[in-house]
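What follows is a short report on a single structure.
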């Protein structure tokens, strides 16, 4: 029998699980660290229509005019919840639910593109990510679905049929790849509270917290997808999640300018 | 009837998840049940090793193709392949260059695809076709026509590969990708074709006293993992949380007949079962 014909490399013969061998001196390079990736919430912003959305878009356009490179990712919202509820009744596997969940943020991204078109709004797909340098140097505002492209490969998580990686995760993972330090989330609350402020008026605002502290509080509800609390401590570039209130004038622009508004969750 | 609900500045569609936070554990638990829909329960995923089979060249590949050509007449199978040594070379260069994990993930699938093209060129006269990424809904058509699909094995995480638990190598490779495809579609089982008679407690290529597992429960394997594993850790982690797949078999593709016997339901190689399945 012929032998395995292997190429000589630091990983030759390895099973490719776990950490790389110490012979590799890994010094990560930031791909596009100045890009701001910002999510426009589905339920929190898009489902409110023009009253909420138009002022937010004005601030994004303003930031772009100031030379800030912005990539907009869209959330899902109530239509996503509707299809998730029906798919769950039918006992669809999580990977199927995640695939269904791709379509609504895509619709929202297309709506955003139409509104931003005259200011350089450009609808892009995951495969277009390598063209970001061109789009951004032309002054465009690329708009994409926030859903990461896992689809049928989204894993089941204990105690839920809902995909654990949704559009919050997509924004964080985009930042982590690009080498951007802060992921920005535009919602309809000032950030993180001790409970859902829409249901519990006595819930208190938390301006700054670490992922570890947040996990230890073991809150019944959090403002951001839980999987990010696992990822933040082990990420290399994206070390902060910023949640801002898009209903309050000036917050979005301030966040895009790098100011500490809303809630900051750090690694 | 479907109802639109307003009143809080947002327009909702009535559903069990309306207005709910999808981070709330109580809400999430209402979406869960013991079982998942099994879409294709009579199909087996066959994963052929990159390093273990393809990197050996003709002597290892051709007899296996003959066996596949024969066995595909009787069994519904989807085939996936590993990338082997070229993947390891890609990753080691990419890490030396400091590319981010998502960037490495974007690169590696190309190396598996080379093996998929080779396999398809050899198997096509017997009826095979490369299957596009997630064109699963064509599967009934493939099987009716006697065509065996060759799937893309590396999952589409690409630039969005999550930060690994340890180090910078992407966690989601071809073992995970093929397992997850079988899981989400509710396949019958996954068979990994390697160059050893199964799974051993340590690497049998380095240790003469390595002991082979015959039949072993996934739960025991996770409690007492072998020192070196022939399959990616992420596959085991995913399987532990999964609902559909109950049986994973590891056979030796260098020994003619082992794959056929496994497909015929015999306990050959190492059989890993979950949840008390036989």
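The values are calculated or read from the model by the stated rules, or taken from the named source; none is laboratory data. None of the values given here were measured: they were computed from a predicted structure. Ideal geometry is used to build each Cβ from the backbone, glycine not excepted, and the neighbour counts take in all protein chains shown.
Scan segment B:139-146 and give yes if some residue there is out of contact with any helix residue (DSSP H, G or I) (no Cβ under 6 Å at 6 or more places or on another chain) and closer than 19 Å to residue B:235 by Cα, otherwise no. Checked against the condition, which is being out of contact with any helix residue (DSSP H, G or I) (no Cβ under 6 Å at 6 or more places or on another chain) and closer than 19 Å to residue B:235 by Cα, segment B:139-146 yields no hits at all. Of the strands (runs of 3 or more DSSP E) lying entirely inside segment A:182-267, the ones with 2 or more residues being crowded, with 21+ Cβ neighbours inside 10 Å are found at A:182-187, A:240-245, A:263-266. In this structure, residue B:256 qualifies as surrounded by fewer than 19 Cβ atoms within 10 Å (Cβ to Cβ), touching a helix residue (DSSP H, G or I) at 6+ places or on another chain (Cβ under 8 Å), in a loop (DSSP other than H, G, I, E, B) and assigned by TED's automatic domain parsing to the domain that holds residue B:75. Yes or no: residue B:194 surrounded by 14 or more Cβ atoms within 10 Å (Cβ to Cβ), out of contact with any strand residue (DSSP E or B) (no Cβ under 7 Å at 6 or more places or on another chain) and modelled with pLDDT of 95 or more? Judged against the criteria, residue B:194 is not a match. Could you go through segment B:12-19 and let me know if any residue there is more than 26 Å from residue A:177 (Cβ to Cβ), more than 7 Å from chain A (Cβ to nearest Cβ) and crowded, with 20+ Cβ neighbours inside 10 Å. So far as segment B:12-19 goes, no, none of its residues is more than 26 Å from residue A:177 (Cβ to Cβ), more than 7 Å from chain A (Cβ to nearest Cβ) and crowded, with 20+ Cβ neighbours inside 10 Å.
Tell me, yes or no, whether segment B:40-51 has at least one residue that is within 8 Å of another protein chain (Cβ to nearest Cβ) and over 30 Å from residue A:82 (Cβ atoms). Spell out how you get there, then give the answer.
Of all residues in segment B:40-51, those within 8 Å of another protein chain (Cβ to nearest Cβ) come to B:51.
Adding the requirement that they be over 30 Å from residue A:82 (Cβ atoms) leaves B:51.
Yes, some residue in segment B:40-51 is within 8 Å of another protein chain (Cβ to nearest Cβ) and over 30 Å from residue A:82 (Cβ atoms).
Residues that are within 20 Å of the chain's Cα centre (by Cα), outside any helix (DSSP H, G or I) and more than 13 Å from every other protein chain (Cβ to nearest Cβ) within segment A:110-156 comprise A:121, A:122, A:123, A:140, A:141, A:142, A:143, listed in sequence order.
Out of segment A:197-215, which residues are within 20 Å of the chain's Cα centre (by Cα) and free of Cβ contacts under 8 Å to residues at least 40 places away in the same chain? I'd like the intermediate steps shown before the answer.
Initial filter on segment A:197-215 (within 20 Å of the chain's Cα centre (by Cα)): A:207-212, A:214-215.
A:212, A:215 - these are the residues of segment A:197-215 that are within 20 Å of the chain's Cα centre (by Cα) and free of Cβ contacts under 8 Å to residues at least 40 places away in the same chain.
Scan segment A:36-52 and give yes if some residue there is in a helix (DSSP H, G or I), surrounded by 23 or more Cβ atoms within 10 Å (Cβ to Cβ) and touching a helix residue (DSSP H, G or I) at 6+ places or on another chain (Cβ under 6 Å), otherwise no. Taking every residue of segment A:36-52 in turn, at least one turns out to be in a helix (DSSP H, G or I), surrounded by 23 or more Cβ atoms within 10 Å (Cβ to Cβ) and touching a helix residue (DSSP H, G or I) at 6+ places or on another chain (Cβ under 6 Å).
Mind listing just one residue for me: the one in segment B:158-173 that is at the interface with chain A (Cβ under 7 Å from one of its Cβ atoms) and under 7 Å from residue B:101 (Cβ atoms) and, of those, surrounded by the fewest Cβ atoms within 10 Å (Cβ to Cβ)? The selected residue is B:168. In the set (1) assigned to a helix (DSSP H, G or I); (2) out of contact with any strand residue (DSSP E or B) (no Cβ under 8 Å at 6 or more places or on another chain); (3) surrounded by fewer than 23 Cβ atoms within 10 Å (Cβ to Cβ), residue A:106 fails one condition alone, (2).
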